[in-house]
Amino acid sequence: MPTRQSLLRLALLGTGLSLVAGAAVAAPSIASPSIAAAARATPASAARAATAGTASVENWAGTSSSLYTIQPRGGASAASGRSDTGAGDGKALELTIPKRAGATPDHAAEVESRQTYLYGSFSSRLRTADCSKQPRTGAVNGIFTYANDGADHNGDGIVDNGELDIEILCARPWELNLSVWTDYEEREDGTSPQKRVSRVIDLRTGTVSSTCYYTSFDGDCVAVSAAENQPASVPASPGFDSVGAYHDYRIDWSADRVVFSASVNGADRVLWDYRGPSRRIPHRAASYLVNLWHTADWTPEGLNATAAPTAPLTLRVDSSTVTRA
Ligand SMILES: [Ca+2]
Ligand SMILES: [Ca+2]
């Protein structure tokens, strides 16, 4: 049965950009997050079920969290309550990977919600890691929901992988990679059957580079319907840079629709209002995560940005909010 770590690694890779051929898949090297989470004492407040429509806000002002498990995997670090004059309340979570970080989410700096959610709204206000001094670094800033228990619940022959991603590559801090996943399986024969719809946007110009349905990482772009491809473009946010300032990134997930949006300098931008067929939208409860990790095999088109960090990289999160559907 595929593990969460290996699935997550590959699940986060293929959002319409090129993969380096022949990249090896690293074996998971750490304990499963569910085991790690179980080992922690769960505060009573976290055990209370959130009621529908109630926002659970984590401002990352304290050194621990009742809402999230803080997971500094292999060599990474994660520290909440750090002083940050750019944060709304002066405090932020710092997710840091070291120089020469391992090239896998197994070594991610990460937080994961203690509860799971079937539909809802998920947002974080953050500044992505700064690679400007090492522009060919491969690193992924991820804001995402995730559900994968290794079973094929929908019976299509591929392990279910419910995942909604906003991913920003360090080398292109103005470009957002959005994905809606329902299935993904990493097989021993080297194939990775999957079902996902992905959109890539340059937020500086508002240009939608692509919106495609994929069944493999190296497969062709399958055209999507008009309902799956709205809006056709996004208002330009000249000079947009996810590193330079805090911005809000949001995923609104319902049974028949997934809306990705961002708030840039106070202006809300709908990036993708996905209204695809039900079979292309996940329908199982998922956790909510924010992470930073080094990738050696996902590079933006036309770049060779897969190098290991030569200095520590830090993703800063001011707040994270979940509203249960
Ligand atoms: Ca399936
Ligand atoms: Ca804060």
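What follows draws every value from the coordinates through simple rules; no lab data is involved. Since the structure is predicted, the reported quantities are computational estimates derived from the model, not experimental observations. All Cβ positions, even for glycine, are placed from backbone atoms using ideal geometry, and neighbour counts span all protein chains on display.
Details
- Taking Lys and Arg as +1 and Asp and Glu as -1, the other residues whose beta-carbon sits under 15 Å from that of Gly81 total -2.
- Tail fraction, Cα-Cα pairs, region 116-207, threshold 23 Å, whole percent: 37 percent
- Shape of region 51-168, Cα gyration tensor, a/c cut at 1.5: oblate
- Taking the C-alpha atoms of region 112-161, convex hull volume expressed per residue in Å³: 136 Å³
- Partners for Lys133 among lysines (Cα-Cα distance below 24 Å; same-chain residues under 8 apart left out): Lys99
- Separation of region 223-282 and region 152-204, taken as the distance between their Cα centroids, equals 15 angstrom.
- Region 159-300: translational diffusion in µm²/s, Stokes-Einstein, Kirkwood Rh over Cα pairs, 37 °C, 0.692 mPa s: 207 µm²/s
- Under Karplus coefficients 6.51, -1.76 and 1.60, residue-wise ³J(HN,Hα) of region 104-119 in Hz, glycine/proline x: 5, x, 4, 10, 6, 8, 8, 10, 9, 4, 6, 9, 10, 9, 9, 6
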